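Where a number appears in this text, it was derived from the coordinates with a stated rule and is not lab data. As the structure is a computational prediction, the values presented were derived from the model and not from experiment. Neighbour counts run over all protein chains shown; Cβ positions are idealised from the backbone, glycine included.
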Amino acid sequence: MRSYLKYLKGDPVIWIITLLMMAFSLVTVYSFVPILIKIEGGSPFLYLFKHLVYVVLGFGSMFLIHRVPAKYISQLAKFAYYLGLTLLLFTWFFGAEVNGAGRWIRIPFVNLTFQSSDFAKLALIIYLSKLLVRKQQKFDNWKEGIFPLLIPIGITCILILKDNFSTAAMLFLLSMIMLFIGRVPLMKLFTLAAIGVGIVALVVGAHLTFPDANILPRYDTWMNRINNRVDATNQSIESLQANQQANNAKLAISVGSVFGQGVGDGKLKEFLPEAYADFYYATFVEEFGSGAALVLVFLYLILLYRMIRISLKTTDLFQSYVCMGIGIHLLTQASINMLVCTGVFPVTGQNMPFLAMGGSALVMACISIGVVQSFAKELPQANKEDKFEELA
């Protein structure tokens, strides 16, 4: 064991939690896919193998990225951002449609899909961190200090907004938090938030004014989800049918109780679309119980805590901002999945990092960890806590 662990540099706790989650995801994906088999056919082994491919790709990407010197990540920030925009534009015009949303790029010959917004989110976090360092002495000047921050945030969120409102909203909120951490003055921060809300209102208004243009092709879907959430307490037959997914998710959590139904013994997962992704938390509680769910929440909080520690220990401000942004992003994504399953938020498409059935989200989450570990391994020697010999 010790001979293998020596190749993994950085924070050992982050390595252990991430690898344990990825290994555990193989069990849950095999157990959670009955609904997918009903809809698309195939067998559990087929989807398990497909997920295993993404797990291997994710680990390989994470390992390679964490070996890259941190200075190169900073130097590639601008290139990564423009590559992210290119992928979003390509998806806008030529994206493959899955479940009514054109968010994916289909990879030729291998029958795998890649969601361009997953890459664009990480690219924006890294690029925005670099801009915060470069413009920190100019935050009092709108033209030279604030607009250079607003423009990349606005462009990225608008390109994502067309087919994925929840991701665009989450990314905008994350960007505002990063600007707050980067000490952008509060009044300017509130103004930026108001501008963002105004842009969304303008786009929605344009969609309603010119319906034939179909500016927001999923607008009706978003409104139905919001209306269904508002109408969730209505016990009419129409309301119950409209809220069937959310009601089944809450019922699955209730049935799970403290210790769960057991691995593979959950029944409501067969009636939950995306039980392996968007409704992962509900299915997890049904089979493993609320006790295990608390452990899961605790693990995500530990990940955030370790990333905050790295951000506070590093002497590089860019690395500090990136670690904070990645940590908050991963916890926010997991929290939204939990809040949707418990009925607090309307149904939306955010899955559980490292656990939901694989795809570009899993690979990019792994790359995010690789970036954090690249920074962690270069902490001053006095601050390092990566002695795996003590844990082996």
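Remarks
- Entry note, the stretch 2-390: relative contact order of 28 percent, from Cα contacts under 8 Å with a spacing of 6+ residues.
- Difference of contour (0.36 nm per residue) and Cα-Cα distance, residue 254 to residue 92: 54.3 nm
- Simple label model, 7 Å out from Cα along Cβ direction - residue 46 to residue 151, nm: 4.8 nm
- Scoring 178-190, 329-341 by mean Cβ neighbours within 10 Å over their residues and listing the highest first yields 329-341, 178-190.
- Taking 0.36 nm per residue of separation and subtracting the Cα-Cα distance, full extension of the segment from residue 136 to residue 78 would add 19.1 nm.
- Burial order of peptide ranges 310-322, 255-267 (average beta-carbon count within 10 Å, highest first): 310-322, 255-267
- For Rg/Rh (Cα atoms, Kirkwood Rh), calculated from these coordinates, the label among [x] 1.09; [y] 0.96; [z] 0.99: [y]
- The simple spin-label model puts a point 7 Å past each Cα toward its Cβ; for residue 317 and residue 38 those points are separated by 5.5 nm.
- Sorted on the mean count of surrounding Cβ atoms within 10 Å across their residues, most packed first, peptides 19-25, 294-300 read 19-25, 294-300.
- Shown in residue order for the stretch 30-45 are the 3J(HN,Hα) couplings computed by the Karplus curve 6.51 cos²θ - 1.76 cosθ + 1.60 at θ = phi - 60°: 4, 7, 9, 9, x, 5, 5, 5, 5, 7, 10, x, x, 9, x, 5 Hz (x for Gly and Pro).
- Calculated FRET efficiency, residue 344 to residue 7, Cβ-Cβ distance, R0 = 51 Å: about 0.75 to the nearest 0.05.
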